[in-house]
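Only one structure is covered here, and it is reproduced in the block below.
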Amino acid sequence: MKPFWESEYLNKEKSTFGNPSKEVEDIVPFLSKETKILDVGCGDGRHSLYLADLGFQVDAFDISENAIAKINYLKECNNLNINTYVCDVLEFEFRYKYDLIIIHGVLQFIEKAKQPKIIELLKKWTNINGYHIVALFTDEEPVPDDLKDIMIGVFRNEEIKDYYKNWQIEMFESRKFNDEHENGIKHCHAMNKIVAKKLDVCL
Ligand SMILES: C[S@@+](CC[C@H](N)C(=O)[O-])C[C@H]1O[C@@H](n2cnc3c(N)ncnc32)[C@H](O)[C@@H]1O
């Protein structure tokens, strides 16, 4: 069964996951005009479209063809410059380093065994003084029935902090919130968010 967002990506009128997340808006004052941004598992682009509209260079990819088709449509409509790719995070070919990498609501869909390699790769391809914004689901709440087949990599609460021990943690949040997918399934999510900065002393 396809996840609920696949059919919602076909609706060009509405953003599937709503407005840009607060921590993405909050980081904007700290970004220079030359900032290069990568949005990993960008979905239908609530972050990429927002940041490109502010004038930043944005690369965005998602494994979903529907997601990228929708961003491509919206970027044309709004005359925005975003480089988009249909791609699995495990296969993305980095060509340069980024100043901000966003991976929001994606890592819990990756097998546990593959998560360390992905996070280390994203860290490697980040410039000194660059940021990561990571949001993921934790095991403090059960996986909703409709996502059981694909949500195979939920994190322990605060586990993500271990990956950023050698970076400066700018913000960490652990919270729970109620949610209802368009298919009517009500549930609670437990989420961690982290904003971390790569300093020149970071290994
Ligand atoms: C919950 S959505 C979040 C979308 C977007 N990041 C946001 O915050 O609005 C998760 C997205 O991750 C994408 N995704 C899942 N596994 C992926 C993978 N291995 N590589 C790239 N994208 C992936 C899905 O296709 C989906 O669009």
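Coordinate-derived values only; no laboratory data. In this text, all values refer to a predicted model and were calculated from it rather than measured experimentally. With ideal geometry, Cβ positions are generated from the backbone for all residues, glycine too; neighbour counts draw on all protein chains shown.
Could you give the nm distance between label points at Asp179 and Lys12, where each point is 7 Å from its Cα heading toward the beta carbon?
Label-label distance for Asp179 and Lys12, simple model: 2.7 nm.
Show me the three semi-axes of the equivalent ellipsoid for the chain, from the C-alpha gyration tensor (sqrt of 5 times each eigenvalue), largest first, rounded to whole Å.
The answer is 24, 22, 15 Å, longest axis first.
Rounded to the nearest 5, what % of the DSSP beta bridges within the chain are antiparallel ones? Write out the running numbers ahead of the final one.
Numbers: 19 of 40 bridges.
Counting DSSP beta bridges with both partners in the chain, the antiparallel share is about 50 percent.
Given N residues in the range 95-203, what is its alpha carbon radius of gyration divided by 2.2 N^0.38 Å? Working shown, then result.
Working: Rg = 14.8 Å, N = 109, 2.2 N^0.38 = 13.1 Å.
Ratio of Rg to 2.2 N^0.38 Å for the range 95-203: 1.13.
Grab the other residues whose beta carbon is less than 14 angstrom from that of Asp88, score K and R as +1, D and E as -1, and report the net. Provide the component values of the computation, followed by the final result.
Working: positive: Lys114, Lys117; negative: Asp62, Glu65, Glu91, Glu93, Glu111.
With Lys, Arg at +1 and Asp, Glu at -1, the neighbours total -3.
Where a Cα-Cα gap under 16 Å defines reach, which lysines qualify for Lys112, not counting those fewer than 8 residues away within the same chain?
Correct list for Lys112: Lys148, Lys161.
What percent do you get for the relative contact order of the range 36-93 when only Cα pairs under 8 Å and 6+ apart count?
Working: 93 pairs, mean separation 21.6, N = 58.
Dividing the mean separation by the residue count of the range 36-93 yields 37 percent.
For the range 104-111, take each phi angle, set θ = phi - 60°, evaluate the Karplus expression 6.51 cos²θ - 1.76 cosθ + 1.60, and give the result in whole Hz per residue in order, putting x for glycine and proline.
Per-residue couplings from phi come out as 10, x, 10, 4, 6, 9, 9, 3 Hz.
Using alpha carbons only, how many angstrom separate the centre of the range 1-62 from the centre of the range 128-160?
When both Cα centres are located, 18 Å separates them.
Within the range 14-100, how many lysine pairs that are 8 or more places apart, or on different chains, have C-alpha atoms less than 22 Å apart?
The result is 11.
Can you compute the modelled spin-label distance between Ile128 and Glu65, with each label point 7 Å from Cα toward Cβ, in nm?
With each label placed 7 Å out from Cα toward Cβ, I get 4.4 nm.
What is the Cα coordinate range of the range 46-99 on the first, second and third principal axes, sorted by size from largest, in whole angstrom?
Principal axes ranked by extent give 30, 27, 15 Å for the Cα atoms.
Suppose each label sits 7 Å from its Cα in the direction of the beta carbon; what would the Leu121-Lys2 distance come out to in nanometres?
Modelled inter-label distance: 2.5 nm.
What ranking, highest mean first, results for peptides 45-55, 14-24 when packing means the other Cβ atoms within 10 Å averaged over each residue?
Put in order of decreasing packing, that is 45-55, 14-24.
Between Tyr73 and Asp146, 0.36 nm times their residue separation minus their Cα-Cα distance comes to what? Show your work: numbers first, answer last.
Details: separation 73, 0.36 × 73 = 26.28 nm, distance 2.81 nm.
Contour length minus the Cα-Cα distance gives 23.5 nm.
For the chain, what's the relative contact order in percent, using C-alpha pairs closer than 8 Å and at least 6 residues apart? Show your work: numbers first, answer last.
On the way: 368 pairs, mean separation 36.5, N = 203.
Taking the mean separation of contacting Cα pairs over the length of the chain, I get 18 percent.
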